[in-house]
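Coordinate-derived values only; no laboratory data. Since this is a predicted model, take the numbers as computed values, not measurements. Glycine also receives a Cβ, built like all others from the backbone with ideal geometry; neighbour counts cover every protein chain displayed.
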Amino acid sequence: MTLLTQDPQAAVQSQPGERPVSAKPKDRWYRPRTLIGQTILWIVLIAFALAFLYPFVWLLSTTFKPRGDVFDNALIPVHFIWSNYVEVWQQLPLLAWIGNSLYIAILAAGFVTLSSAVVAFGFAYFRFRGRNFLFGLVLGSMMLPGAVTMIPVYLIWLQTGFIGTTVPLWGANLFGSAFYIFLMRQFFMGLPRELFEAARIDGCSYFGLFRRIAVPLSIPSFIIVFIFEFQASWNNLQAPLIYLNFGTADQYTVPLGIKYAMTLFSPTAGGQGDYQWVMTAAFLVTLPMLILFAFGQKYFIEGIATQGRKG
């Protein structure tokens, strides 16, 4: 029996004896209806936004300050200068650091996205004995702290002879990541299985199912995983400290280079306290992440909306 509600957009079907259920989502229960409630909500949101933006605004303001005013905590510089953006390229090999980090981050993000997608598609599409157990083992690997596996992983790379190269910074991503496998599996499981069955009847191979159906319909998940891993690799300081033993600063990554600059200009290490260049470098290396997240914002929203429509 088909029952229609008063709202023409909320037409639903129900079984005999069941109460009709409105199809309109009830997503307004948490929104204040009064003017006072809306005003309080806006005040709270603006306060949290300012609290999160303050460190970035302070960093931006220090890039326009001379050496003596870096730590005066003023958001508007008393002595406004532009020369820091010119001198930082002369004082630090910033361009080389950015190039090294881009090279490592692109390889790491690309490999982990592809490898995780292949494993996730296998868990989502194929039905075999022990599938849930194996998937549980994959998720169980997320429970291991990084400090527990740090030494064994280092010994593996030591035996392979890659210590002192950039290979350990992206090579492990050839085998996927448990979190990304879980994330992409959820996307793949939301795809209609009838599409894959029809393609199999037409003679499509399993790899063809992945390449021609799963990948085009799950582009948001690929972009989300790529951005997450790119950001994680770009900001990774621990791995370069462990695996890179380069003698020249030109071969550092961005986090390792910023640490090197903090030591170089520190008065305790013989420097003059020129932290305005460190702050300027830190701001410049943050810009690629801001651009990347601005580009991928719509895919984050699309991915969340896609997950919300399932079920």
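With one equal scatterer per alpha carbon and no solvent term, the Debye-computed log10 I(q)/I(0) for region 152-311 at 0.08, 0.19, 0.20 1/Å reads -0.40, -1.19, -1.24. Angle of helix 131-140 to the longest C-alpha principal axis of the chain, folded into 0 to 90 degrees and rounded to 10: 30°. Out of all Cα-Cα pairs in the chain, roughly what percent, to the nearest whole number, are more than 33 Å apart? Summing the P(r) of the chain above 33 Å gives 49 percent of all pairs. Modelled spin-label separation between I151 and A96, with each label point placed 7 Å from Cα along the Cα-to-Cβ direction: 3.5 nm. Relative to the longest principal axis of the Cα atoms of the chain, helix 94-125 runs at roughly 20 degrees. If you take the Cα centroid of region 228-265 and the Cα centroid of region 108-161, the two points sit 25 Å apart.
Axis of helix 275-309 versus longest Cα principal axis of the chain: the two differ by about 0°, to the nearest ten degrees. Of N132, N236, N245, the residue with the greatest mean-square motion in the GNM of the chain, using alpha carbon springs below 10 Å, is N132.
Contact order for region 34-81, expressed relative to its length and based on alpha carbon pairs under 8 Å spaced 6+ residues apart, stands at 28 percent. If you plug the beta carbon distance of K259 and Y103 into 1/(1 + (r/R0)^6) with R0 = 22 Å, you get a FRET efficiency near 0.70.
Note on the chain: helix-only mean residue ellipticity at 222 nm, from DSSP H runs of 4+ residues weighted -39500 (n - 2.57) and normalised by residue number, equals -20000 deg cm²/dmol.
Sequence-distant contacts, meaning Cα pairs under 8 Å at least 6 residues apart, place the relative contact order of the chain at 23 percent. Using 5 Å bins from zero, what percent of all Cα-Cα pairs in region 79-169 falls into each bin? The distribution over region 79-169 is 2, 9, 10, 13, 16, 14, 11, 8, 6, 5, 3, 2, 1, 0, given as percents. As a ratio to 2.2 N^0.38 Å, the alpha-carbon radius of gyration for region 34-81 is 1.63.
Using just the C-alpha positions of region 24-147 as equal point scatterers, what log10 of I(q)/I(0) does the Debye formula give at each q in 0.11 1/Å? Treating every Cα as an identical point scatterer, log10 I(q)/I(0) equals -0.91. Residues of the chain were split at every exposed loop site, defined as chymotrypsin sites (Phe, Trp or Tyr not before Pro) in a DSSP loop with at most 15 other C-beta atoms within 10 angstrom, and the longest piece left, sites excluded, is 163-245.
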